[in-house]
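The structure appears right after this line, and notes come after that.
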Amino acid sequence: MQFMLLFSRQGKLRLQKWYVPLSDKEKKKITRELVQTVLARKPKMCSFLEWRDLKIVYKRYASLYFCCAIEDQDNELITLEIIHRYVELLDKYFGSVCELDIIFNFEKAYFILDEFLLGGEAQETSKKNVLKAIEQADLLQEVRALATA
Amino acid sequence: MRMPAPIRLRELIRTIRTARTQAEEREMIQKECAAIRSSFREEDNTYRCRNVAKLLYMHMLGYPAHFGQLECLKLIASQKFTDKRIGYLGAMLLLDERQDVHLLMTNCIKNDLNHSTQYVQGLALCTLGCMGSSEMCRDLAGEVEKLLKTSNSYLRKKAALCAVHVIRKVPELMEMFLPATKNLLSEKNHGVLHTSVVLLTEMCERSPDMLSHFRKLVPQLVRILKNLIMSGYSPEHDVSGISDPFLQVRILRLLRILGKGDDDSSEAMNDILAQVATNTETSKNVGNAILYETVLTIMDIKSESGLRVLAINILGRFLLNNDKNIRYVALTSLLKTVQTDHNAVQRHRSTIVDCLKDLDVSIKRRAMELSFALVNGNNIRGMMKELLYFLDSCDPDFKADCASGIFLAAEKYAPSKRWHIDTIMRVLTTAGSYVRDDSVPNLIQLITNSVEMHAYTVQRLYKALLDDISQQPLVQVASWCIGEYGDLLVSGQCEEEEPIQVSEDEVLDVLEGLLVSNLSTPVTRGYSLTAIMKLSTRFSSLNRIKKVVSIYGSSIDVELQQRAVEYNALFKKYDHMRPALLERMPIMEKTATNGPSETVQTNGETDSTILDTKHLPSISQPASQANDLLDLLGGNDVVPIIQTTVPTKPASAGGELLDLLGDLSLTGGPTPTPASSVPMSQPPFLLDGLTSQPLFNDIAAVIPPMTAYNKNGLIIEFTFERSNPNPNIAVITIHATNSTEADMTEFVFQAAVPKTFQLQLLSPSSNVVPAFNQGSVTQVIRVLNPQKVRCYCEPRTHSASYRSRSSEISPFVLKHLQKSDECLSGAKLNIAKLKLRAASH
């Protein structure tokens, strides 16, 4: 996976995770173009589209679009499952997640994503394990100061 | 005075969201940024985390946040976990490897990789694996390698993916991870298994040595996969009844890489692939995701034919799935396999054709490409019906490709000439403006060659013109036909359908209408004027035609003007030549190439083999010499030059489609042509006597001599040999002899080659070819064909190539005037534009 974008139906960015090095300007340009392209798609169309030399996999959950850019050899259908798994994780963590949760707790959305994917690949395929790790890490935030290395 | 505590993140978010305009928002942001900046200046440790978090939010809204970069580094160095969490997040969002600042992270990361708390180590691994630059990766690879060997599965899985990133950034470091991969697959932990498979995949993809090394893992991978399929319900990894689909898919992908090109490995995985293919539940996307990966693997490795058929059938079933995503991947995969497993894919043809009606643009496009790939002599009628219907209704983006594809398919498989003409008509009338320019000459050639259909064709085209003159390709083809076959039109000779009653005046009305219409392009006007001129020998309304021609003698359009002036001259001074010049075009043969390994699909009536005698029109050549040489078609600027690289979509079956495309050429044009049969007393200005033979074959070591030109007493022979030091250079020696009564003076040989060739013409022995075969002119040409493309030689005689001003009569016409003797002795005879044309393989 090269990047993942979450955006609303009005095109407002809610999360952006980049797994390839790009300048801020390039990221903005890509985001703008892609958001426009995806929002222009009709409901009857399939979840995949070709864009530049990438495959784009997107899925809408309520008011949020989850959009991933994958490479030629990646499996589009399993990417849909990856997106779904992430949504499930968010849902379990926030308890019936909605867009507002992600707006007000964006940093947590990132933490969860970073516990599920690393470098664009899934690091943990067990839902339970991801949530357990997040839970433990959250607890650690309460600690005043960590034991030094 | 102490600053008040910075507002909390959530409060800021709430506040910003209340902004009703962009300007209001910007104002809030600027205010907050100012507060944050001062807070940073104060080096406040307590609130740094909160401030950076707010900065990250504002960054997401699109506002600049670079002044927070260093603060992120400070947070990373902190001993509070919250700080580190936000700090690393900030680093991943705000820093990138182009900025030197990021290198400052390296030491922190190194420390954190060795931290006593695994969640801190996790943060470091995650950040490094997400955005680590090559320098950082080099510095920290050792730490990652250490963690790859830890027994802590939480860290091990992250280290594996981090290693993947390191390898991508610094491929040379791959070797150092090899020892650590030893027991990766013995892990029970799925996270570690999954990431290990990803790591192994990366290594195998990058290094053939690694690939051979890891082939021995195939049995182990097969076993793991088998366990996943056979094991009972495992709540931890279950997705809709399937156990860890993510891991299954990655294993299948690794198996694909390991099995490719290797018989043993492929055999070892045969059973499990069959098992997965037959047992996987297909009701949900997740099952289909696994099947999809399985199909890709089966098609790529050396699988048994039974397994391959199974795979294609899975794709066939996918095509019937309600889920459009599934249909999409099916079409994509079928497109990849249509060449190798053509017959298997044919069985699903009707389903594929149905997908032409799908609402999704990508699905439609793939269905179209596949459909063209599946067209053959047996299904042409049915397929063409569907494709024409598709052409009618599809988006404009598709029309050009679709039209081209239809022309190609029609040409290859047309069951009858009438059907072929009808199909062309249908395309021209429904998508006429989207048809590619180079189709026009091709169609003209096709029509010319369908001799018995001339009356029918011209009638249909005429009727189409009455309806609509906006689609230029249609208009051009129609004009040309009317010019050629207008006599058939007015005489009502049509056999195929009810002949229409039309008078000469009506026809001329239509043609003249094209000349004046705003819809007509200059090219089209050229076609019309020439057509009108041609009708002067077919119709009796001579005065009318003369009038039109003389009017355009003062046209602003130089092309039209030139034509009109010359045609005028024909009327006035060279009227005796007019009938000969404007005679019916004979059949033009296409050059075609048959690759050594392919079979030629023939349509019942024409044969795409190499034939002799082309006939080439050229009435005037006002362009410069250089242009002459490069003008592959010669003669008429109106006719667009056909590029030999024609779009190669759609995918071809067996390669023939591509090759035929590569050889389409038109050597004729819509201009009036000189007659092929000319009484011997006429000067040899005629453009005939063409032979087209393969000149080069990189396979042949020895090329026999050939006669390139033999007409009206002038014979030019080629002898070939390969240059000694460089066998890629062919040395052609031309011998020109003259059996007529008079010397041919000012004999000049010219040659034109495509760009990939290099040509060197050495000095000729003489400029005069003596009469009565008393001697010969020889000249050596050296040709370098570095790309070893096959080429064809088409000698043509051509008019003299000096510029003519519009008020003068072209030299070509001038030559006609002189009596034969004068002409022979005095005329500049430019012989043989030898055109070496490449055929694409």
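The numbers here are math on the coordinates, done by the rules we state, and not lab data. Bear in mind that the values here come from a model prediction, so they are computed numbers and not experimental data. Virtual Cβ from ideal backbone geometry, glycine too; neighbours counted across all protein chains shown.
From the Cα gyration tensor of segment B:158-284, with a ≥ b ≥ c the square roots of its eigenvalues, which class applies: rounded if a/c is under 1.5, or else prolate if a/b is larger than b/c, or else oblate? Judged from the Cα gyration tensor, segment B:158-284 comes out oblate (a/c at least 1.5, b/c at or above a/b). Within 10 Å of the Cβ of each residue in B:84-91, the mean number of Cβ atoms contributed by other protein chains is 3.
Cβ crowding within 10 Å ranks B:Ile29, B:Ile532 as B:Ile29, B:Ile532, fewest other Cβ atoms first. Extension gain for B:Asp509-B:Thr340 works out to 55.4 nm (0.36 nm per residue, less the C-alpha to C-alpha distance). Here is the result for segment A:83-149: no chymotrypsin sites (Phe, Trp or Tyr not before Pro) lie in DSSP coil with at most 12 other C-beta atoms within 10 angstrom of their C-beta. Given B:Leu104, B:His66, B:Pro6, which one lies farthest toward the positive end of the charge dipole of segment B:1-118, if we put +1 on the Cβ of every Lys and Arg and -1 on the Cβ of every Asp and Glu? So the residue we want is B:Pro6.
Between segment B:317-355 and segment B:423-458, the C-alpha centres lie 32 angstrom from each other. Under a 5 Å amide H to amide H cut-off, with H placed in plane at 1.01 Å, what residues pair with B:Tyr709 once short-range neighbours are removed? Excluding prolines and chain starts, which carry no amide H, the hits are B:Ile716. A straight Cα-to-Cα reach below 18 Å connects B:Lys226 with the lysines B:Lys188, B:Lys216, residues fewer than 8 places away in its own chain not being considered. Note on A:Glu71 and B:Asp238: their simple-model spin labels are 3.5 nm apart, each label 7 Å out from Cα toward Cβ.
Counting neighbouring beta carbons within 10 Å and listing from fewest to most, the residues B:Cys355, B:Cys162 come out as B:Cys355, B:Cys162.
Converting phi to 3J(HN,Hα) with the Karplus coefficients 6.51, -1.76 and 1.60 and the offset θ = phi - 60°, segment B:150-157 yields 5, 8, 6, 5, 4, 7, 4, 5 Hz in sequence order, with x at every glycine or proline. Calculate the FRET efficiency for B:Ala5 and B:Asn114 from the Cβ-Cβ distance with a Förster distance of 41 Å, rounded to the nearest 0.05. E(calc), rounded to 0.05, equals 0.75. Past the 18 Å Cα-Cα mark, which pairs from B:Lys399/B:Lys463; A:Lys42/B:Lys357; B:Lys324/B:Lys364; A:Lys108/B:Lys146? Cα-Cα > 18 Å for B:Lys399/B:Lys463; A:Lys108/B:Lys146; rest within.
Summing Cβ point charges (Lys, Arg +1; Asp, Glu -1) relative to the Cα centre of segment A:82-149 gives a dipole of roughly 200 debye. What residues qualify as long-range amide H neighbours of A:Leu22, i.e. H under 5 Å apart, gap of 5 or more or another chain, H built at 1.01 Å from N? Those qualifying (amide H under 5 Å, at least 5 residues apart or on another chain) number zero. In this calculation the C-beta distance from B:Asp392 to B:Gln22 is compared with R0 = 41 Å, giving a FRET efficiency of 0.35.
Straight-distance candidates among the lysines for linking to B:Lys31, with alpha-carbon spacing under 23 Å and chain neighbours fewer than 8 residues away dropped: A:Lys12, B:Lys54. Would you please state which residues of segment B:59-86 a label at B:Asn152 would reach in this model, taking the label point 7 Å out along Cα→Cβ and a backbone N cut-off of under 20 Å? Under 20 Å, as judged by backbone N against the label point of B:Asn152, lie B:76-86 of segment B:59-86. The residues B:Thr21, B:Thr537, when put in order of fewest to most other Cβ atoms within 10 Å, stand as B:Thr21, B:Thr537.
Is segment B:235-338 rounded, prolate or oblate when judged by the Cα gyration tensor, a ≥ b ≥ c being the square roots of its eigenvalues, rounded requiring a/c under 1.5 and prolate requiring a/b larger than b/c? It comes out oblate by the Cα gyration axes.
In a DSSP loop and with at most 13 other Cβ atoms within 10 Å, the GluC sites (Glu not before Pro) in segment B:191-289 are B:Glu236, B:Glu281. Taking a ≥ b ≥ c as the square roots of the eigenvalues of the alpha-carbon gyration tensor, segment B:436-594 is classed rounded because a/c is under 1.5.
Stretched out straight at 0.36 nm per residue, the stretch from B:Glu175 to B:Phe571 would grow longer than its current Cα-Cα span by 134.1 nm.
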